[in-house]
1. Obtain the nm distance between the two label points defined at K386 and A110 by a simple spin-label model: each point lies 7 Å from its Cα along the Cα-to-C-beta direction.
2. Around I394, what is the net charge, scoring Lys/Arg as +1 and Asp/Glu as -1 over all other residues with Cβ under 11 Å from its Cβ?
3. Considering only the other residues whose Cβ falls under 12 Å of the Cβ of E18, what net charge follows from Lys and Arg at +1 and Asp and Glu at -1?
4. Over the chain, with a Gaussian network built from C-alpha contacts below 10 Å, which listed residue (T375, T247, T181) shows the highest mean-square fluctuation?
5. With a sphere of radius 14 Å drawn around the Cβ of S406, what net charge do the other residues whose Cβ falls strictly inside it have (Lys, Arg +1; Asp, Glu -1)?
6. Counting pairs of alpha carbon atoms under 8 Å apart in space and at least six apart in sequence, what relative contact order in percent does the range 23-153 give?
7. Mind running the shape call on the chain? Use the C-alpha gyration tensor, a ≥ b ≥ c as the square roots of the eigenvalues: rounded below 1.5 for a/c, prolate if a/b tops b/c, oblate otherwise.
8. Within 10 Å, at most 11 other Cβ atoms, and a DSSP state outside H, G, I, E, B define an exposed site. Report the longest part of the chain free of exposed trypsin sites (Lys or Arg not before Pro).
Amino acid sequence: MAPNPTYAELEQRVSELESETVELKQIQHELYDSQEQYRLHFTLANDVMYSVDHQFKVLNVSPNVEKMLGYTPEELVGRPFHELNVLASEYMENAFADVAHVLSKRNIEATVYQFITKDGRRKFAEVSGVPLVRDGESIAVISVARDITGRLEMERSLRESEERFRAIFDSAQDCIFIKDTGLNYTFVNPCMEELFGLSSSDIVGNNDRVLFGEAEYMSNREMDLKVLGGEIVKEEKTKSVNGKRITFSTIKVPLRDSAGNVMGLCGIARNITERKEFEEELRNKERELELQTKNLEEVNIALNVLLDHREEEKKKAQEDIVEKAKKLVFPYLEKMEIGILSDEGKIYRDIIRSNLDELISSYMSGSSQQYQHLTPTEIQVVDLIKQGKTTKEIASLLNVSLPAVSFHRANVRKKLGLLHTKTNLRSYLQSGY
């Protein structure tokens, strides 16, 4: 049996126990702080934290799993992953391999899995894992799953947008280019390469001095600075490209970053040289056509004047023929009618009158047509009335009696539809009959 300790030894032992107690309390406090910090991270983290053992059974899972997959932690803890239907079947084999990999004391980082939510939707998560080691043995896998569905969808959308842009950029028949704030080219499409006979590597990094020379560079720079100032600028301009004069219709717009700051410009230049040449040719043709039209109008006016003059001469000649026939031939035929003729002479007279009527009828037009239904004597009376001659004067001129003139006047009024009206015969005849 050990000898009783001395007071000094007891005092020393008490002091050591007190020190050990203080140290244990400090360790306990630090452990509590650590547990509290773990609990806060475990419960408040946006990512889902969980652990599985060697049998792939869920040991614990953070509450955020309900936000991500729709399951409560209680629905998952204690059950094997392959029975939960939360991991897409095509990813299950990789998951088993990753768990084995971690349990062999190796970490995994940023492995992508596809999870199935409680309502059947699919989500992608980026999973990392580390081993939980106790007494030198890996007893579980601690993993963090971050929902990257939105990011992947955004990346896919961006990829599709880039593919569409590239398809348009590469196949466009217009020159498309992008410049930075230093007015150096950063992108050019194949159409621009073909036009200038240069590869994109020869153009990108350079400015318009390389493509157009100093004078054109300064002119373009003035326009580009307006675009960098936030304006959208359009212009039509003819430039020299490889010794050829080419007219471009160009639009330039500012490119902005997510904060709205101008980070460069994008331009689309269409080669409209052929169109401008066609328009100029069309204008020339129009001018020629206008000149020819004017000349034709002048010729047409002259022809119309000649035709009118000729028509008037023809008309006058026809009227003269009719008038002479009426005055020089028909009066004698009338005298023959009241004269004494043999039967054979009367036949010849009627034949002459018929043939003469038929001959001059083709010349009857205008005012001459007006006399067609009048007898030759009535025509003579009408002409003298129009001249203002009185009945007595007409009788003297025609060598007939006054009653004969009155008879002819009455016949004229009847044939003109003026019988039993107060219309003045001379005024009617002078009005255009």
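1. Between K386 and A110, the label points sit 11.5 nm apart.
2. Net of charged neighbours comes to +1.
3. Overall, the nearby charge balance is -2.
4. Maximum among the listed residues: T375.
5. Net of charged neighbours comes to +3.
6. About 22 percent, as a whole number.
7. prolate
8. Segment 122-421 is the longest.
Throughout, read-outs are computed from the coordinates displayed, never taken from laboratory work. Because the structure is predicted, anything quoted here is derived from the model rather than measured. Don't worry about glycine lacking a Cβ; one is built from the backbone with ideal geometry, like all the others, and counts go over all protein chains shown.
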